[in-house]
Amino acid sequence: MVAVGVAVGVVVVAVGVVVVVAVAVAVGVVVVAVGVVVVVVVVVDIQIREQFMNESDIYNAIAAIHSAPDWACFPDVANGTGGHIRRRADAVAMSLWPSRGLILRGFEIKTARADLKKELKTPEKAETVAAFCDEWYLATPKGLVKDLELEVPPAWGLMEVGDNGKIRTAKKAVPTDAKPISRVLLAAILRASRKEIDHIEENYVRREDIQGKINAARESGKEDAPRAAQQEIAVLQRYKNAVEEFAARTGINLIENGWQDYSTQYAEALLVGKAMVGKYGSGLVGMAPRIKAIADIVSNAHKELTQLLENK
């Protein structure tokens, strides 16, 4: 009996171990599966951002927080003009108040992971323009940069643009001792500002022009309103005449209270009458004498029957 009890105990323990192992394996598989799903979702989300967020979107977000009168912001600023061009900053913004430091801030915009990796292999190339800036920032869609410490150079900052178009600073740039702005860089900044002014003049309407169009529309409305009112009055008069004629012919006054309760019946009766007249109009006129003759025969038969009954 002792041997049997020991054997049973061993079997129970073995079964318990198998169950525990099976449960652990199942839980592990579920955890791995959930982890894979999370990774896939994150990768897909980043790919979607890469696909639908372009450099213009990033620049617009940068310009929104570097706007006048506190800042001047320009896209695509080279390190010089003509044959001096070696490198470009995707955006440059300058603080315009001496009390706030007159900071010159440069930006490198990246919207694709592959392009970001390529840029980070040789970050020193940005120094052609970054050397003249007090701060240098990498600007990307949110989530494009995986690791701030490993992927963003130590002195660089990082700004990320979310799905709502708002930009936030994920890492502040380290202020540097910027070189004095050279004349070729100054010429490049002024050229960029001229391009921005041309873009604004081409794509935006001046306030004076808008006001002029409003005034012209107001004057046109003053001239057109009386004519439009007369046309509406004429339409209403035709409706009024039709209602009055309908009342005269049918005895039904559509203006009186309560007619709405029978509007469906009126409409159905009119439709039936219209259909009958349209289909049988000529026949009904021809049948009138026959109907009268039949009525006379019926009337005479009634008289004769009445006399027979009285004679009995």
The pairs in LYS166/LYS195; LYS146/LYS172; LYS117/LYS172; LYS121/LYS172; LYS118/LYS142; LYS121/LYS142 lying past 28 Å Cα-Cα in this model are none
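I need the calculated FRET efficiency for the pair ALA269 and LEU305, taking r as the beta carbon distance and R₀ as 25 Å, to the nearest 0.05. Please list the in-between numbers first.
Numbers: r = 37 Å, r/R0 = 1.47.
So, using R0 = 25 Å, E works out to roughly 0.10.
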With DSSP loop assignment and no more than 16 other C-beta atoms within 10 Å, the trypsin sites (Lys or Arg not before Pro) in the stretch 181-251 are ARG206
Whole-Å distance linking the alpha carbon centroid of the stretch 167-210 with that of the stretch 67-122 is 8 Å
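If you take every residue apart from ARG168 with its C-beta less than 14 Å away from the C-beta of ARG168, what net charge results, scoring Lys and Arg +1 and Asp and Glu -1? Write out the running numbers ahead of the final one.
On the way: positive: LYS142, LYS166, LYS171, LYS172; negative: GLU160, ASP163.
It works out to a net charge of +2.
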Once the in-chain neighbours fewer than 8 apart are removed, the lysines whose Cα is under 22 Å from LYS179 read LYS125
Label model pair GLU219, SER56: point-to-point distance (7 angstrom along the Cα→beta-carbon line) in nm is 3.6 nm
Any lysines whose Cα falls less than 24 Å from that of LYS213, other than same-chain ones fewer than 8 residues away, would be LYS222
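FYI, it's all coordinate maths here, none of it is from the lab. The shown structure was predicted, so the numbers you read here are calculated from the model rather than taken from an experiment. No Cβ is skipped: glycine too gets one built from the backbone with ideal geometry, and neighbour counts run over all protein chains shown.
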